[in-house]
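Nothing in this text is a laboratory measurement; each read-out follows from the coordinates by a stated rule. The structure presented is a predicted model; accordingly, all values stated were derived computationally and were not measured. Ideal geometry is used to build each Cβ from the backbone, glycine not excepted, and the neighbour counts take in all protein chains shown.
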Amino acid sequence: MARMKGGVSQSFKLYLLRVFLLLLYLQDSSCSSVNSLKGSLNMDRKEDTLLPEISPTASPQPFLPLLAPSPWAPFTNSTLPKLSGLCTLKFDAVERMMGVTSIDCVAPFAQYLANVMCCPQLEATLVILIGQSSKFTNMLALNGTLAKHCLSDFQQILVSQGANDTLQHICSLHPSNLTEGSCPVKDVHEFETTVDSSSLLATCGKIDLVNECCEQTCQNAISEAAKKLALKAYDLLSTEGAEVLTDHSTMVNDCRSIVHRWLASKLDPNGAKDVLRGLSNCKNNKVCPLVFPNTSHVTKACGDGMNNQTTCCDTIEGYVSHLQRQSFVTNLQALDCAASFGLKLQKANVSKNIYKLCHISLKDFSVQVAPEVSGCLLPSLPSDAVLDQSSGISFVCDLNDNIPAPWPSLSHLPVSSCNKTVKIPALPAAASGQISLNSLSIGPHLRLFALMALGRLFYT
């Protein structure tokens, strides 16, 4: 019996040793995967064996993440935020909305999704929070002291759920964004007696996400309401003898924020989110979010005296690769970026269509997701990232619609997506709401999955 016990003991020790070695192997594999992903996030153009090779002519297959133990502890096991205890806003009214925001602004991706997803969702959530809270306070703005406490608490809650801890910097968010600014009206009753609130709600209670950006029906109604609020300052000027008025355009803009909060108080949080995200998208899609650094080396290689096409294309591709490290862009933003960059080069005496010469496409202006794969263009309509506990963070982008970047003409303004008489190349369709990992037939769209090992990279 003693020998049998000894044999079992030795066998068990051997089994433990094998398990230990296997864990070491998995740990090494996980570290390698993390380092590879980190290189991808830094936009290095080096071989990454974790991402699938996709032919430009083939339909991409979904990239499924590697398995790793305890993958999303930072998200599934939220930490307890340290709150001031001084903020009077009703955070429970936007609990679900803040969960969405924390995923859209998840720590590793926040800066890359900032202009398209993270900041618009963050700003909308803050507007809805103040609007919903006004049902109890009758105020559509906070004073300066309270704004500091509430903004701090707001970020603490988001960070405790996995959001980036520098959102105030990334999204240029300040306590003043929670106040009335220079708008003379912040009381709900005064607001509703100053503007035609029933007409405003009828116009903006629900918007057409496609047509609103061109027809501006709700935007015009909000502007009119903001102007009426701003005029109250002149009433104060005549009755109280105020000496100096804030610039009128600044005042109207501050009052526009008050209008947004009032709308958010009259709609349910989801309805308010649809309106606010739709309005912000109209604004964001009109502007290229990329910063173009010095182009002197590009103009030197590709200028009118160009004598080496290869050198020119190598130079332009190197320049564009730096742009690809900045931000994901939507398909409409990519058009704006192509036009802005092209005009910048033309003003520096680059007259040849180097987009055509060097095969530059719209996707080259967005973040690249894998070697030998074109960039990811996000849908022009509002979208959110999705957290799946078994597969990680995902969001939809287009990898297959290879639209050549249009070379702008100095004699014509860039084509507007609202100009019905001008034929614009077919743009990628808006993303569907399908998020199931079991369905592999996702056509030309590829969901980008953050490896579950990301939790180890950014939280340990």
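Along the charge dipole of the stretch 226-345, which of 303, 255, 343 sits closest to the positive end, that is, farthest toward it, with unit charges on the beta carbon of Lys, Arg, Asp and Glu (+1, +1, -1, -1)?
255
Cα-based count: Lys pairs in the stretch 150-308 below 29 Å, eight or more positions apart or different chains?
29
Once the other residues with Cβ under 15 Å from the Cβ of residue 356 are scored (Lys, Arg +1; Asp, Glu -1), what is the net sum?
Values: positive: 352; negative: 317, 364.
Here the charged neighbours net out to -1.
Evaluate 2.2 N^0.38 Å with N set to the residue count of the stretch 82-158, then give the Cα radius of gyration divided by it. Let's see the in-between values first.
Numbers: Rg = 12.6 Å, N = 77, 2.2 N^0.38 = 11.5 Å.
Taking N as the residue count of the stretch 82-158, the ratio is 1.10.
What does the charge count near residue 176 come to, summing +1 for each Lys or Arg and -1 for each Asp or Glu among other residues with Cβ under 11 Å from its Cβ?
With Lys, Arg at +1 and Asp, Glu at -1, the neighbours total -1.
Using label points projected 7 Å from each Cα along Cα→Cβ, tell me how many nm separate residue 300 and residue 390, to one decimal.
A separation of 5.6 nm, rounded to one decimal place.
Between residue 214 and residue 96, what is 0.36 nm times their sequence separation minus the Cα-Cα distance? Round to one decimal in nm.
On the way: separation 118, 0.36 × 118 = 42.48 nm, distance 3.08 nm.
Additional length available on full extension: 39.4 nm.
Need one number: nm distance between label points at residue 138 and residue 343, each 7 Å from Cα along Cα→Cβ, rounded to one decimal.
For the pair residue 138/residue 343, the computed spacing is 4.9 nm.
Could you tell me which of 99, 116, 88 has its Cα farthest along the dipole of the stretch 88-148 towards the positive end, charges placed at Cβ (Lys, Arg +1; Asp, Glu -1), taken about the Cα centre?
88
How long is the gain from residue 223 to residue 198 if the chain were fully straight, where each residue apart is worth 0.36 nm and the alpha carbon distance is subtracted?
Numbers: separation 25, 0.36 × 25 = 9.00 nm, distance 1.53 nm.
Length gained between residue 223 and residue 198: 7.5 nm.
Using the beta-carbon distance between residue 351 and residue 189 and R0 = 45 Å, what value does 1/(1 + (r/R0)^6) give for FRET efficiency, to the nearest 0.05? It would help to have the intermediate numbers written out before the result.
On the way: r = 62 Å, r/R0 = 1.37.
With a Förster radius of 45 Å, E is 0.15.
Less than 13 Å Cβ to Cβ from residue 200, Lys/Arg counted +1 and Asp/Glu -1: what total charge do the surrounding residues give?
Net local charge, residue 200 excluded: +3.
Using 0.36 nm per residue, how much length does the chain from residue 359 to residue 321 gain when fully extended, once their Cα-Cα distance is taken away? Walk me through the intermediate numbers first.
Values: separation 38, 0.36 × 38 = 13.68 nm, distance 1.38 nm.
Gain in length upon complete extension: 12.3 nm.
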